[in-house]
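Nothing in this text is a laboratory measurement; each read-out follows from the coordinates by a stated rule. Quick caveat: nothing in here was measured; it's all calculated off a predicted structure. When we count neighbours, we look across all protein chains shown, and the Cβ atoms used for this are built from the backbone with ideal geometry, even at glycine.
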Amino acid sequence: MEEHHVAMAGGRELAVVEDGDPNGRPVFSLHGSPGGRLLYGRHVADAARRQIRLIGYDRPGYGGSTARRGRTVGDTADDVAAIADALGIDRFGVWGHSGGGAPALACAARLPDRVVAAACLAGVAPYHAPGLDFTGGMGELNQQEFQAMVADPAAWEAKLDGDVQQLLRASPEEILEMWKSLLSEVDLGVVTPDLTQFLKRQGGEGLSAGSAGLRDDSLSDILPWGFDLATIRVPVQVWHGGQDRFVPFSHGQWIAAHLPRAEAHLDANEGHLTLYQNRIPDVHAWILSKF
């Protein structure tokens with residue numbers, strides 16, 4: 001594993017990690033919300049087997065990356081391009097899960113000459129997507145968060161610091177209890193000590209800088225994304241599960257329907273965590289086929 005700090009315009013900095021095969025094909029892994037640059041051992045092992053150079057980074061405000069208040073989903077592409085430049089990478093693949101799903105699509109839209117393929121797993125659709133009930137089908141915890149943020153952003157933000165401290169103090173088991181309304185039976189079926197400990201470690205590292213990253217991730221979900229899905233021309237996969245209570249199935253269906261050339265994997269029997277735990281090898285193999 002190698003760690004880097006990439007200097008950005010205006011004095012910002014991005015914290016980056018890479019693992020897998022250092023001489024392999026470069027693929028960016030974009031973390032969920034909250035999250036951070038740390039890479040899941042299961043994904044790293046698969047990357048090494050397939051000769052993939054797997055790269056993660058803290059989105060602004062998480063971990064070691066400088067906050068950038070008001071950032072949009074589309075701004076992710078600028079950060080990924082800067083990291084690729086700093087690492088001497090021309091063309092690369094990208095995948096993102098959950099809060100990283102829409103940012104992966106941003107890279108496909110804004111970096112068509114550099115992104116060979118992008119995969120969105122369990123990603124959110126645009127907040128004002130026509131015909132979509134954004135919070136319909138979400139577990140109670142996420143419904144309450146989005147409703148509070150939209151109804152009174154100042155009060156929601158004031159409460160966020162306390163929520164982050166509670167997450168940092170919580171054990172992996174306590175985090176699962178907090179997520180009770182979000183965890184479907186199929187997701188509970190893939191929850192292992194290895195996965196829960198990693199999510200606790202990754203989230204703890206990402207939130208060590210405070211609530212700014214989670215705040216700006218959440219706000220970016222309800223702001224205009226800054227790009228149009230219909231403009232995407234590079235190969236894209238959309239993965240979503242019908243048992244997903246974190247990000248409902250309707251989000252994946254909407255995204256797939258509005259991408260002109262998407263390869264859709266919409267499975268009524270998949271959940272949210274099942275995709276992260278089981279489907280990344282399939283995504284890696286597909287991205288490699290596009291180089």
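The figures follow:
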item	result
Restricting segment 16-32 to residues that are among the small types (Gly, Ala, Ser) and crowded, with 23+ Cβ neighbours inside 10 Å, the residue that is nearest to Val247 (Cα to Cα)	Gly32
Some residue of segment 63-85 being buried (at least 21 other Cβ atoms within 10 Å of the Cβ), on the phi > 0 side of the Ramachandran plot, more than 13 Å from the chain's Cα centre (by Cα) and in contact (Cβ under 8 Å) with a residue 12 or more places away in the chain	yes
Residue pairs meeting the criteria (Cβ under 9 Å; at least 6 apart or on separate chains; first more than 22 Å from Ala81 (Cβ to Cβ) and touching a residue at least 24 places away in the same chain (Cβ under 8 Å), in segment 108-132; second in a strand (DSSP E or B) and not charged (D, E, K, R))	Ala122/His97; Ala122/Trp239; Ala122/His240; Ala122/Gly241
Any chance Asp217 is of a type outside the set (Lys, Arg), in contact with a Ser or Thr (Cβ under 7 Å, 6 or more places away or on another chain) and on the phi < 0 side of the Ramachandran plot	yes
Strands (runs of 3 or more DSSP E) lying entirely in segment 1-113 (those with 1 or more residues that are in contact with a Pro (Cβ under 6 Å, 6 or more places away or on another chain))	25-30, 52-57, 92-97
Flag for Gly241 being under 29 Å from Ala15 (Cβ atoms) and either out of contact with any Ser or Thr (no Cβ under 8 Å at 6 or more places or on another chain) or surrounded by 22 or more Cβ atoms within 10 Å (Cβ to Cβ) (or both)	no
Filtered residue count, segment 264-288, keeping only those that are surrounded by fewer than 21 Cβ atoms within 10 Å (Cβ to Cβ), under 18 Å from Val234 (Cα atoms) and in contact (Cβ under 8 Å) with a residue 60 or more places away in the chain	3
Filter result for the condition that a residue is more than 22 Å from Leu223 (Cβ to Cβ), touching a strand residue (DSSP E or B) at 6+ places or on another chain (Cβ under 8 Å) and basic (Lys, Arg), over Arg114, Arg201, Arg169	Arg114
Helices (runs of 4 or more DSSP H) lying entirely in segment 177-291 (those with 2 or more residues that are within 18 Å of the chain's Cα centre (by Cα) and farther than 18 Å from Pro103 by Cβ)	193-207, 249-257, 273-278, 280-288
Every residue from segment 28-50 that is free of Cβ contacts under 8 Å to residues at least 60 places away in the same chain and over 18 Å from the mean Cα position of the chain (by Cα)	Ala45, Ala48, Arg49
Given (1) touching a helix residue (DSSP H, G or I) at 6+ places or on another chain (Cβ under 9 Å); (2) crowded, with 22+ Cβ neighbours inside 10 Å, number of the condition Asp228 does not satisfy	(2)
Residue check for Gly137: surrounded by fewer than 23 Cβ atoms within 10 Å (Cβ to Cβ), closer than 19 Å to Val247 by Cβ and either touching a helix residue (DSSP H, G or I) at 6+ places or on another chain (Cβ under 7 Å) or touching a residue at least 40 places away in the same chain (Cβ under 8 Å) (or both)	yes
Conditions (1) closer than 21 Å to Glu13 by Cα; (2) among the β-branched types (Val, Ile, Thr); (3) surrounded by 22 or more Cβ atoms within 10 Å (Cβ to Cβ); (4) in contact with a Gly (Cβ under 8 Å, 6 or more places away or on another chain): number failed by Ile52	(1)
